[in-house]
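Okay, structure first, notes after.
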Amino acid sequence: MPSDLHSPSIEPKRGIDPWAPLIDSRRDGWTMPQQFYGDAAVYQADLDRIWRQGWLFAGHTCEIRRPGDYFLVEMDADSILIIRGEEGVIHGLYNVCRHRGSLICDEPCGHVSKLVCPYHQWSYALDGRLSSWRGMQPELNKADFALRTVHVREVEGLIFINLASNPIPFDPARECLSPILRPQGLARAKVAKSVDYLVQANWKIVWENNRECFHCNANHPQYIKANFDHYNADDTTPRIRSEIAAAVRRGEDKWASEGLASTHRDPGMTTFPDAENGIWFSANRTPLVDGWLSESMTGKQVAPLMGDYRDPDVGTVRVRALPNFWNHSSCDHGVSTRLLPGGPRLTRIRVSWLVDENAVEGRDYELADIMPFWQLTSEQDWVICERQQKGINSTAYAPGPYSTFKEYNVEGFVKWYLRMLQRP
Amino acid sequence: MPSDLHSPSIEPKRGIDPWAPLIDSRRDGWTMPQQFYGDAAVYQADLDRIWRQGWLFAGHTCEIRRPGDYFLVEMDADSILIIRGEEGVIHGLYNVCRHRGSLICDEPCGHVSKLVCPYHQWSYALDGRLSSWRGMQPELNKADFALRTVHVREVEGLIFINLASNPIPFDPARECLSPILRPQGLARAKVAKSVDYLVQANWKIVWENNRECFHCNANHPQYIKANFDHYNADDTTPRIRSEIAAAVRRGEDKWASEGLASTHRDPGMTTFPDAENGIWFSANRTPLVDGWLSESMTGKQVAPLMGDYRDPDVGTVRVRALPNFWNHSSCDHGVSTRLLPGGPRLTRIRVSWLVDENAVEGRDYELADIMPFWQLTSEQDWVICERQQKGINSTAYAPGPYSTFKEYNVEGFVKWYLRMLQRP
Amino acid sequence: MPSDLHSPSIEPKRGIDPWAPLIDSRRDGWTMPQQFYGDAAVYQADLDRIWRQGWLFAGHTCEIRRPGDYFLVEMDADSILIIRGEEGVIHGLYNVCRHRGSLICDEPCGHVSKLVCPYHQWSYALDGRLSSWRGMQPELNKADFALRTVHVREVEGLIFINLASNPIPFDPARECLSPILRPQGLARAKVAKSVDYLVQANWKIVWENNRECFHCNANHPQYIKANFDHYNADDTTPRIRSEIAAAVRRGEDKWASEGLASTHRDPGMTTFPDAENGIWFSANRTPLVDGWLSESMTGKQVAPLMGDYRDPDVGTVRVRALPNFWNHSSCDHGVSTRLLPGGPRLTRIRVSWLVDENAVEGRDYELADIMPFWQLTSEQDWVICERQQKGINSTAYAPGPYSTFKEYNVEGFVKWYLRMLQRP
């Protein structure tokens, strides 16, 4: 992680980091102590040191095609406007009027020609500059009252924002994600459907669940039919190992001939994140099980090919970015998951299904075909997370050991998290 | 504000007032820092130094006509009985049995012959004195167990209470309010309807909204048709100024001839409150727009004349009293608004519509005629207040400047509030 | 109370007990100060010093007849499995997987052949020993990861648990309760119905209500027809006293001839608890009013005789155990009440109706006959408790005096409680 991550907006406290004793009390390779999963002060530290320092996935560029289109991101108590400006540039603006603090936009998404506060009609341009304020005294200077901004970056149709004044560089993420994502064509997609969830679990529980497929066999009957992840273990038979190897070879040869990048050779879970090397993002293309062309219930293609694809046999693209995003994309649709913290034991999650921008519901695809695979898998995970949170709340909870075969990425996530939580 | 306001019930802490640094951090003429609008400790200070020190509007004398009639006032966690005693005197009693602390009355209003605790039947007279307690040992003295009382004052049909042991004088308020209110006849009225609201905003946000009509043009389409307040600005044309002046002259001449007091010459918002001069109350009679005889949707009279009125052209009476009351009254009906704090970000609000005590619903008036003007206006304000609270909760909120033309009374309210919050 | 109660699991803090000043501020014979009934820190102390030290009623042995049958006890944030093991022994296990802390069982009761965590299938035997954990590294030792246990004791069909590492002895309770309870046959009963309540009152308010019948005349019209408790006062007439004495004599003679133990001679409320002598449990058999054979609405027998009874005229058996249990049993059915703390002002209460294990609903009994007497009485009490909690929340609440005639057992409860709260 670049060394400037921890530098800005938190007032350095004198002496010892207050979190050092708690961080030190954690045993390598074991789950974290209870406080990390529900304590209000830890949650506040997570907001300050991770959520207000890192790059957050906000949404898709295709959700705001025209100047004036916007959507809101609700991060803890902060409402942030993601809005396309006059020149097509996307702006990130706090949805808080500089006059008396009213929210400006109520609706979660919409279209405006300018941003007019409904309270006293202070009006802002789409880039946040204050353009009119009838009734205010002339000695005040409009230029002092632009909406507060957040940093915005786009990569292949994904919008990321950063709330720090001096963010860590985004370029390494762009260089990693762009080659894998480009052919998927998310920038030329549309959101067919979004579903919002309130999950009663700390956001780190949701990530820990995401970082292993140890739980897949018993909990994700759909997912394991299409994917190899649950084999990344000590118990995979030689026959399965050779099947997987063959699938990888076939895929890589085919994709290379079609110009599709594919960085990762192991169809099991890629190693992610990597605290040592500052890796909070990753992407790879990996084969699906033989006979699966799409992460649909049947494995069949269920919508028109997306992006640059000319053949449905493109495996699956997977992207992750900490602290709040993952995407699984097939030849015909993509699924983005966005996490936002809502409290020490509450995570707001949006799952969005994307298809080609020209696809027409009812003619080219049906929601009933594209949604169930990931809707079921996601909801199975939310049940797991809430059940784990309840157990961790108990006085009987004590850290337990991770499987070195199957939970190495959970350990990697915890290492990344604890490093972020520490000040330099 | 009389100097004895801050003297009693709060234990003076040694040294510096703990609120001084926060108060000092506020910039004159700008909105207050975030903590004032949601912090639990500030809320507690508000309760101690303002709500338990000032005179609170409780309700109307006409709600409890007969001895034994009562209603409850729920102020934060305190339930207070407002009850008419045997001799017709109104008593304010904490609704908490002196035996084991049970609430005595459950229903928000009703009639009782005596106050009998439903738990063990300790019985109290209507003035709170303990009259019987079967089963208690004779060595205890009944006189030691009267219900705790609060101070009560009536003025022209309005009931005010004070929870301090040694309240500030009420007489200045009575002298101010009585001449304006008397002809309205609220003491000879009845409550036609009350509506209760839970507004998710700090009580001061509700007041700040009340103290300006800068927001009226865009938010109160009904209100601005009948009133001149929204013109109290830098942008009023000479034609409008002369129309207003003419309306004022006509009104004052006419009302003087009818013996109706009218203290305030400016039909815009009167200056209120006034921290320097201890003014927490005010009243004035002011004209409505030409063609409006009542604050109804059509401007037409919608109920029988109230009080002493013999002619509907009496303008509008307006009363305010901090921290929790305002009333707008027309020739034919009056509307009282009562605020009560329910938490750092919660205000319980009751709006009550009053008509002449002899008016009969369905014959002399319809709720559908008397209610919408103020029901719409009030509910428009609650939406505004909740939206502002959400914005203020954001980390992006920072104080903004008040318009010196249009928000001078908001500044006045803030000055009053901060003075009350300080200890002498 | 045995001297080892306070010895174990709470870290002794240096110097003065932090609760000493609050405890000392309580006046003998008066209700406790407000903090005891809602303060979060007092609630935490109650959990540590009382709920995690004392024996808690969990449920009935007849709820888990076969090996693998289980039910959950939810004590504050702790979920505890009560499960019958292979050899028929009942185990108390924290329902928290030793791997990543997930809850293992979701359903409040059920049957399992082994305990399999739904997350990663760690599998535990019915006694909590870890039996399999596919995918974990061999250097870990299964024996280190058994489910955490709680102590379990059975007495005459009642299951008690203790969460302390080194519990106070249970034998004194067994010796007291067993002779009275044995003929009732609760171990050969079945639960005909349970009803769960969320009562918005501190658990001590529920107990204080339970410890007096001063409130019965006005609040429990059903209960007082069948019982003598409400006469335990200064105001009982000589005629009633002699009726009661006659009932007691008749009962005791009859029961003695039938071999039914009856320890208590006074049909009013027995003295309980007794802090001086460490008495947190008690049981007695006492007569019902003439003409009542059962605590049913009519007083008639409403289900087959239970246990050893051969004649319905057995009076009523009453059992209490602090901090969370009471039972009233008639010849034909028994009613158990279990309290569990849910927060400073929240108590989870389950009321269960038991009948003979061979009784068949619809043929031998109807729920409509066995339930109303105690369902009405219980729900009347919950209303009382919630009303008292609201009053105690008020700033106007101050401690009041207990009746020495009628509330001596409430004083006894408070004395017991305050002694438990203190460290030795």
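Take the residues of the range B:402-418 that are of a type in the set (A, V, I, L, M, F, W, C) and buried (at least 19 other Cβ atoms within 10 Å of the Cβ): which is nearest to B:F36 (Cα to Cα)? Give the steps one after another, and end with the answer.
Quick first cut of the range B:402-418, residues of a type in the set (A, V, I, L, M, F, W, C) only: B:405, B:410, B:413-414, B:416, B:418.
Okay, now just the ones that are also buried (at least 19 other Cβ atoms within 10 Å of the Cβ), so B:410, B:413-414, B:416.
Details: B:V410: 15, B:F413: 13, B:V414: 11, B:W416: 14 Å.
Ranking the qualifying residues of the range B:402-418, first place goes to B:V414.
Of all residues in the range B:371-401 being over 19 Å from A:I80 (Cα atoms), aliphatic (A, V, I, L, M) and surrounded by fewer than 20 Cβ atoms within 10 Å (Cβ to Cβ), which is farthest from the other protein chains (Cβ to nearest Cβ)?
B:L376
For the range C:331-365, name all the residues that are on the phi > 0 side of the Ramachandran plot and without any contact (Cβ under 8 Å) to a residue 24 or more places away in the chain. Working first, answer last.
Our first condition is that a residue be on the phi > 0 side of the Ramachandran plot; within the range C:331-365, this holds for C:343, C:362.
If the condition is that a residue be on the phi > 0 side of the Ramachandran plot and without any contact (Cβ under 8 Å) to a residue 24 or more places away in the chain, then C:G362 is the only one that fits.
List the residue pairs whose Cβ atoms are under 7 Å apart, where the first residue sits in the range A:19-40 and is free of Cβ contacts under 8 Å to residues at least 12 places away in the same chain, the second is outside any helix (DSSP H, G or I), and the two are 6 or more positions apart or on different chains.
Here the result reads A:S25/A:P33, each pair linking the range A:19-40 to a residue that is outside any helix (DSSP H, G or I).
What do you reckon, is B:E276 at pLDDT 75 or above and under 26 Å from the mean Cα position of the chain (by Cα)?
On the way: at pLDDT 75 or above: yes; under 26 Å from the mean Cα position of the chain (by Cα): yes.
Here the answer is yes, as B:E276 does meet what is asked.
Condition (residue is modelled with pLDDT of 90 or more, touching a Pro at 6+ places or on another chain (Cβ under 6 Å), under 30 Å from A:I50 (Cβ atoms) and aliphatic (A, V, I, L, M)) applied to the range A:300-322: is it met by at least one residue? It would help to see each step written out before you state the result.
So the first thing to find is which residues in the range A:300-322 are modelled with pLDDT of 90 or more, and the list is A:300-322.
Filter once more, so that each one left must be touching a Pro at 6+ places or on another chain (Cβ under 6 Å): A:301, A:307-308, A:315, A:322.
Going one step further and asking which of them are under 30 Å from A:I50 (Cβ atoms), we end up with A:322.
Keeping just the survivors that are aliphatic (A, V, I, L, M) gives A:322.
Checked against the condition, which is being modelled with pLDDT of 90 or more, touching a Pro at 6+ places or on another chain (Cβ under 6 Å), under 30 Å from A:I50 (Cβ atoms) and aliphatic (A, V, I, L, M), the range A:300-322 yields at least one hit.
Evaluate the range B:303-316: report whether one residue or more is within 25 Å of the chain's Cα centre (by Cα), within 27 Å of B:A187 (Cβ to Cβ) and free of Cβ contacts under 8 Å to residues at least 60 places away in the same chain.
Yes, that holds for at least one residue.
Could you check C:G334 against (1) buried (at least 22 other Cβ atoms within 10 Å of the Cβ); (2) within 30 Å of B:H99 (Cβ to Cβ); (3) under 15 Å from the mean Cα position of the chain (by Cα); (4) not acidic (D, E) and say which number it fails?
Evaluating C:G334 over (1) buried (at least 22 other Cβ atoms within 10 Å of the Cβ); (2) within 30 Å of B:H99 (Cβ to Cβ); (3) under 15 Å from the mean Cα position of the chain (by Cα); (4) not acidic (D, E) leaves (2) as the failure.
Looking at the range A:99-120, which of its residues are within 7 Å of another protein chain (Cβ to nearest Cβ) and touching a strand residue (DSSP E or B) at 6+ places or on another chain (Cβ under 7 Å)?
Residue satisfying the conditions is A:L103 alone.
Name the residue, out of A:Y94, A:Y37, A:Y70, that is within 14 Å of chain B (Cβ to nearest Cβ) and either crowded, with 18+ Cβ neighbours inside 10 Å or out of contact with any Leu (no Cβ under 8 Å at 6 or more places or on another chain) (or both).
Values: A:Y37 fails: within 14 Å of chain B (Cβ to nearest Cβ); A:Y70 fails: within 14 Å of chain B (Cβ to nearest Cβ).
Among A:Y94, A:Y37, A:Y70, only A:Y94 is within 14 Å of chain B (Cβ to nearest Cβ) and either crowded, with 18+ Cβ neighbours inside 10 Å or out of contact with any Leu (no Cβ under 8 Å at 6 or more places or on another chain) (or both).
Looking at B:D39 and the list (1) within 24 Å of B:Q389 (Cβ to Cβ); (2) touching a helix residue (DSSP H, G or I) at 6+ places or on another chain (Cβ under 8 Å); (3) modelled with pLDDT of 95 or more, which single condition is not satisfied?
Condition (2) is where B:D39 drops out.
When both residues are 6+ apart or on different chains and their Cβ atoms are under 8 Å apart, which pairs have a first residue that lies in the range A:102-113 and is more than 13 Å from A:F71 (Cβ to Cβ), and a second that is of a type in the set (S, T, N, Q)?
Listed pairs, sorted by first residue: A:S102/B:Q388; A:L103/A:S79; A:L103/A:N95; A:L103/B:Q388; A:I104/A:N95.
How many of the residues in the range A:329-377 are among the small types (G, A, S) and under 12 Å from A:S294 (Cβ atoms)?
Quick first cut of the range A:329-377, residues among the small types (G, A, S) only: A:329-330, A:334, A:336, A:342-343, A:352, A:359, A:362, A:368.
Pick out the ones that are also under 12 Å from A:S294 (Cβ atoms) and you get A:329-330, A:334.
Total meeting the criteria: 3.
Quick one: in the range C:402-424, of everything that is of a type outside the set (A, V, I, L, M, F, W, C) and touching a strand residue (DSSP E or B) at 6+ places or on another chain (Cβ under 8 Å), which residue is nearest to the other protein chains (Cβ to nearest Cβ)? Let's see the steps before the verdict.
First, pick out the residues of the range C:402-424 that are of a type outside the set (A, V, I, L, M, F, W, C): C:402-404, C:406-409, C:411-412, C:415, C:417, C:419, C:422-424.
This time we only want the ones that are touching a strand residue (DSSP E or B) at 6+ places or on another chain (Cβ under 8 Å), so: C:402, C:412.
Numbers: C:Y402: 8, C:G412: 15 Å.
Looking at the filtered set, the residue picked out is C:Y402.
Is it the case that C:R363 is surrounded by fewer than 17 Cβ atoms within 10 Å (Cβ to Cβ) and basic (K, R)?
Details: surrounded by fewer than 17 Cβ atoms within 10 Å (Cβ to Cβ): yes; basic (K, R): yes.
It is true that C:R363 is surrounded by fewer than 17 Cβ atoms within 10 Å (Cβ to Cβ) and basic (K, R).
Name the single residue that is modelled with the lowest pLDDT among those in the range C:234-263 being among the charged types (D, E, K, R) and in a loop (DSSP other than H, G, I, E, B).
C:D234
B:V152 - would you say it is away from every other protein chain (no Cβ under 14 Å), among the β-branched types (V, I, T) and closer than 30 Å to B:E366 by Cβ? Break it down into steps so the answer makes sense when it comes.
On the way: away from every other protein chain (no Cβ under 14 Å): yes; among the β-branched types (V, I, T): yes; closer than 30 Å to B:E366 by Cβ: no.
Spelling it out, it is not the case that B:V152 is away from every other protein chain (no Cβ under 14 Å), among the β-branched types (V, I, T) and closer than 30 Å to B:E366 by Cβ.
The values are calculated or read from the model by the stated rules, or taken from the named source; none is laboratory data. From a predicted model like this one, the values you see are computed outputs, not experimental measurements. Using ideal geometry, Cβ is built from the backbone for each residue, glycine included, and neighbour counts are taken over all protein chains shown.
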